[in-house]
Amino acid sequence: MTLENIKSEMEANVPGCVLEIVGNPSPSGQHSLRIDPAHAVAIATFLRDAEHLRFDYCSNVTGIDWPGKEISEKVKAKKLVDGAEQEVEEIRKTQTIGHLEVVYHLYSMEKKHGPVILRMRTEDRAEGVHLPSLTHVWRSADFQEREIFDLYGVIFDGHPDLRRILMWDGFQDHPMRKDYVEPDDYEYEPTAHDQVLERARQHRTVMGAQ
Amino acid sequence: MDEHLKTELRKQGIVATTLQELYNWGRKNSLWPLNFGLACCAIEMIAASMARYDMARFGAEVFRPSPRQADLMIVAGTVTKKMAPQVVRLYNQMAEPKYVISMGACAISGGPFKQGYNVLKGIDRYIPVDVYIPGCPPRPEALIDALMTLQKLIDKQSLTGADRPRHLQAEAPSEFIVPRFGAHDLEPPQNPEVWDAPLVNISLAGTDDAGKH
Ligand code: SF4
């Protein structure tokens, strides 16, 4: 059962769903399927319940932070130079806003196949972005979705018990986001190296130590 | 009292001692640890208390489930920031005299997780530590060595004078600040009463400042 087959089957069975195969160029070649959040629950239920698929086991849920990046591309533009129209090359820079991604790894215990990897993306990286929870489809996603909520700040709609799981309740940051600023407690670093050494030096300048 | 005279008397069946010796002897041979472990180091602590390593030989086998009955806190394992207030609170609930062994790289400094977002960089930022055992994890022998080191420390204490142990100084604190959960970190991030950044600062190695505060 290839991913293409699964994709076309889902398109036939879940009307309106938008799917996209995300290739994995590494030797493992574990390609994944990007699904649209609006149909995620229907897609998941189909994968779990369809007679020949029966993906009854969600082994792993994890998050990825894709920060926005600057893309520069060369474009040809017509411009008036010295009264005559000429074609010049310009570099146009665009800033993407980035997004958060949630990844589900599915296996079938009954049919002994898998994994199928699902990805879901948020619109942007703002505080309090929403995605649908798949905990009601696979119970094992419960704690891991809580972890993603805690560390990345994705709010899972429909999750039965969405609380922080590793950090305390009053904590405000999301430590696994790439722009997380950790507290400055670098006053003593016996084996400092590389980045850590840099942080330790910064700490000393901030604190005004000799 | 003259040591030679003491041995001579002992040969005649007369035991002469001082109150201080008796007091220290009693304390050092009944160090009851608090029964808790935080991570992998606790497994070695358990091994040390079982038959093969037999911590009972040193009077420290009675792991107490209540801080009220314990004399020794073995901080065995990674202290997460989420757990740190509970550890300090347990320490505060122990009755004096009380001692702390910081077991393993994690309890000393955060160890392999030092730069982690949720790991305390050493329990000595909040409570006074008597003996540190390096290792990841330290072997049971190392824990027994730490226990014997602590026993020697206790044995050396004098009950009077300015350097008498903390529990005999009325004004010395026996409770320490329990950190609160803040929005970004524990508050306060360390207790300045017990912890100061150590003098040697290797992070400045290679510069003219190495070794300075
Ligand atoms: S020092 Fe090593 S063995 Fe001990 S708790 Fe930390 S990681 Fe585990």
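Nothing in this text is a laboratory measurement; each read-out follows from the coordinates by a stated rule. As the structure is a computational prediction, the values presented were derived from the model and not from experiment. Glycine gets a Cβ as well: all are built from the backbone with ideal geometry, and neighbour counts include every protein chain shown.
Which order do peptides A:30-40, A:80-90 fall in by mean Cβ count within 10 Å, highest first?
Values: A:30-40: 17.5, A:80-90: 8.3.
Ranked from most to least packed, the peptides come out as A:30-40, A:80-90.
May I ask you to list the lysines whose Cα is less than 19 Å away from that of B:Lys98, ignoring any residue fewer than eight positions away on the same chain?
B:Lys28, B:Lys152, B:Lys156
In debye to the nearest 20, how big a dipole does chain A give about its Cα centre with +1 on each Lys and Arg Cβ and -1 on each Asp and Glu Cβ? Before the final figure, lay out the partial values.
Numbers: 25 positive and 37 negative charges, 79 e Å.
So the dipole magnitude of chain A works out to roughly 380 debye.
Given the options A:Ser108, A:Ser26, A:Ser59, state which has the largest fluctuation in a GNM of chain A using a 10 Å cut-off (strictly under) for Cα springs.
A:Ser26
Give the average, rounded to an integer, of partner chain Cβ atoms located within 10 angstrom of each Cβ in A:165-177. It would help to have the intermediate numbers written out before the result.
Details: counts 0, 5, 6, 9, 1, 5, 9, 3, 4, 1, 3, 1, 0.
The mean count of partner-chain Cβ atoms within 10 Å per residue comes to 4.
Below 20 Å, Cα to Cα, which lysines can A:Lys112 reach? Residues fewer than 8 away in the same chain don't count.
A:Lys7
Does chain A come out rounded, prolate or oblate, given a ≥ b ≥ c as the square roots of the eigenvalues of its C-alpha gyration tensor, rounded meaning a/c under 1.5 and, failing that, prolate meaning a/b above b/c? Could you put the intermediate results ahead of the total?
Numbers: a/c = 2.29, a/b = 1.16, b/c = 1.97.
Because a/c hits 1.5 or more and a/b fails to exceed b/c, chain A counts as oblate.
Under 16 Å from the Cα of A:Lys76, which aspartates and glutamates turn up, not counting those fewer than eight places away in the same chain?
A:Glu85, A:Glu87, A:Glu89, A:Glu90
Under a GNM of chain A (C-alpha, springs under 10 Å), which listed residue has the highest mean-square fluctuation: A:Val75, A:Val116, A:Val103?
A:Val75
How far is helix B:84-93 tilted, in degrees, relative to the longest principal axis of the Cα atoms in chain B, given as a value from 0 to 90 rounded to the nearest 10?
In chain B, helix B:84-93 runs at an angle near 30 degrees to the longest axis.
Build a GNM of chain A with springs between Cα atoms under 10 Å: which of A:Ala50, A:Ala141, A:Ala77 gets the top mean-square fluctuation?
A:Ala77
How shielded is A:179-190 by partner chains, expressed as the average number of their Cβ atoms within 10 Å of its Cβ atoms? Walk me through the numbers before you get to the answer.
Numbers: counts 0, 2, 1, 5, 7, 2, 11, 5, 9, 14, 9, 8.
Rounded to a whole number, the mean comes out at 6.
For the protein assembly as shown, what does the convex hull of the Cα positions come to per residue, in cubic angstrom? Before the final figure, lay out the partial values.
Values: hull volume 109.2 nm³, N = 423.
For the protein assembly as shown, the hull spanned by Cα atoms encloses 258 Å³ per residue.
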